[in-house]
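Scroll down for the structure; my scribbles are underneath it.
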Amino acid sequence: MGIEQPDWVRRLNYLGAMVGGSRRLVSLAPEELIEEARASTGLADFGEPGWEDAFRALVESLQTEVDLHTIGRLVTRAELLRGLRNRLLVTEACRAQPAIRHEQVVAPLLIAGQGRTGTSILFELLALDTNNRAPLAWEAASPAAPPGATLAEGITREQIAETVNEFLSDVQPAIRAAHEHRWDLPVECIRFMDSEFSSDWWAMLYAAWGWLKWRAEHPTDAPYRWHRRVLQLLQYGRDDPRRWLLKSPAHLGNLDRLLRQYPDLRIIHTHRDPVRSVPSTVSLSTLMRTSRANGVDANLLGQMVVMGYGGMLRKVIEERGGGVIPPGQITDVHFQDLMKDPVGTVERTYDALGLPFTAAFADAIGDYLAKKPRDQFGKHRYAAEDYGLSNAGIREAFRFYTDHYGIALED
């Protein structure tokens, strides 16, 4: 399906086309990126070994398999450099203050589920609980404050986050209707996992098949060790007893890895009819990828989402049945229940996890929803047929899932 680009984006992308390809304008040479990150920070230690193999595999795959247009290549270079810089800066912060590594991250609360199953609205509602603390977009963009001398023209961490979170909505305005990105809002914690080049952050944005194959052959907990390190850094030196509130659909297939880092983790698994959630996920993924690359195959992406989510959901069922996920540390929230009775659903969720639910929290949820406009940035429109899928095919592929959890069907 064709996705329309704003005129300024189309014209800027022509700059690469007119000189024989965007690679002639923007370099992604791995050695150059590493040296640029070191030179721009004055630091050399990237921390835990193993990151460079993943980084080089990713860059090689981006160079040879992804047709990045001019803006996409520029954004990709900036994100790779920011990931490298953040590795250096976080590692230096932990070296300068060894106590950071001894910070206790106690019983974080995680929202995990397929994309478009209510994870975002539930995240917003639980962030209203004064006992919860979600990472903010500006913290995720720059977990360690960059020294002023390494930034041009006095730019702030907030301004960095504005670009990181909001620029792609300028490149592809349709993204706004699918998902709001703002520098000052709570954000998915996968956003700060971009400094681990084997993390799912990169898998969401690029059809980097060689890197995906490399990653499958080199499984590692490194992304979640990095995840824990960043949370330790963000809470260090603050008298703040609140629990971390975390969220990302990408965590659904990695709950075992998260539990190895946070044995007392509490998990909320969100559910919705895949006939609604799958096409919506493919739509958003297509928009994100076309903001960076030409030739995005939406039909192939649709197949990959069906296969990927199917595998993750089967894995969670097995982990719950086999005791990998302790039954007292996970509960389920169904999208239809959340929409019909948000306060009651959140209260039942808290009760299942042994968390206190207060009248003040209930009032905050009611007030927030009363003031939240629907379709503020336009309506997110999509259909299974746009991606070579069908409702009947999706229904059959996920019957194991809808039957297992008793999920209400929406057609």
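The values are calculated or read from the model by the stated rules, or taken from the named source; none is laboratory data. Fair warning: this is a prediction, and the values are worked out from it, not measured in the lab. No Cβ is skipped: glycine too gets one built from the backbone with ideal geometry, and neighbour counts run over all protein chains shown. Heavy atoms of the whole protein, side chains included, go into the accessibility calculation; ligands, DNA and RNA do not. Shrake-Rupley method; radii C 1.70, N 1.55, O 1.52, S 1.80 Å.
Overview of results
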| read-out | value |
| --- | --- |
| Out of Glu410, Glu319, Glu347, sole residue that is without any contact (Cβ under 8 Å) to a residue 60 or more places away in the chain and of a type in the set (Asp, Glu) | Glu347 |
| The one condition in (1) at pLDDT 95 or above; (2) surrounded by fewer than 16 Cβ atoms within 10 Å (Cβ to Cβ); (3) within 24 Å of the chain's Cα centre (by Cα) that Gly323 fails to fulfil | (3) |
| Selected residue (criterion: most open to solvent (accessible area, probe 1.4 Å)) from residues of segment 194-225 that are without any contact (Cβ under 8 Å) to a residue 40 or more places away in the chain and charged (D, E, K, R) | Lys213 |
| Pair list, Cβ under 7 Å, 6 or more apart: segment 45-71 residue within 16 Å of Ser195 (Cα to Cα), other residue of a type in the set (Asp, Glu) and in a loop (DSSP other than H, G, I, E, B) | Trp51/Glu196 |
| Segments classed as helices (runs of 4 or more DSSP H), wholly inside segment 1-108, with at least 2 members that are among the hydroxyl-bearing types (Ser, Thr, Tyr) | 30-41, 51-65, 70-96 |
| Residue count for segment 109-124, restricted to those that are in a helix (DSSP H, G or I), hydrophobic (A, V, I, L, M, F, W, C) and crowded, with 22+ Cβ neighbours inside 10 Å | 2 |
| Matching residues in segment 30-40 - criterion: being in contact (Cβ under 8 Å) with a residue 12 or more places away in the chain and open to solvent by 20 Å² or more (accessible area, probe 1.4 Å) | Pro30, Glu36, Arg38, Ser40 |
| Restricting segment 41-68 to residues that are open to solvent by less than 10 Å² (accessible area, probe 1.4 Å) and not aliphatic (A, V, I, L, M), the residue that is nearest to Val26 (Cα to Cα) | Ser61 |
| Residues that are over 14 Å from the mean Cα position of the chain (by Cα) and closer than 22 Å to Leu245 by Cβ, drawn from segment 140-165 | Ser142, Pro143, Ala144, Arg157, Glu158, Ala161 |
| Segment 269-308, residues that are of a type outside the set (Val, Ile, Thr), open to solvent by less than 10 Å² (accessible area, probe 1.4 Å) and within 18 Å of His404 (Cα to Cα) | His269, His271, Asp273, Pro274, Ser277 |
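Quick grid of which residues meet (1) modelled with pLDDT of 95 or more; (2) out of contact with any Ser or Thr (no Cβ under 6 Å at 6 or more places or on another chain); (3) open to solvent by less than 80 Å² (accessible area, probe 1.4 Å):
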site	(1), (2), (3)
Asp332	yes, yes, yes
Phe335	yes, no, yes
Ala359	yes, yes, yes
Gly388	no, yes, yes
Arg395	yes, yes, yes
Asp403	yes, yes, no
Gly406	yes, yes, yes
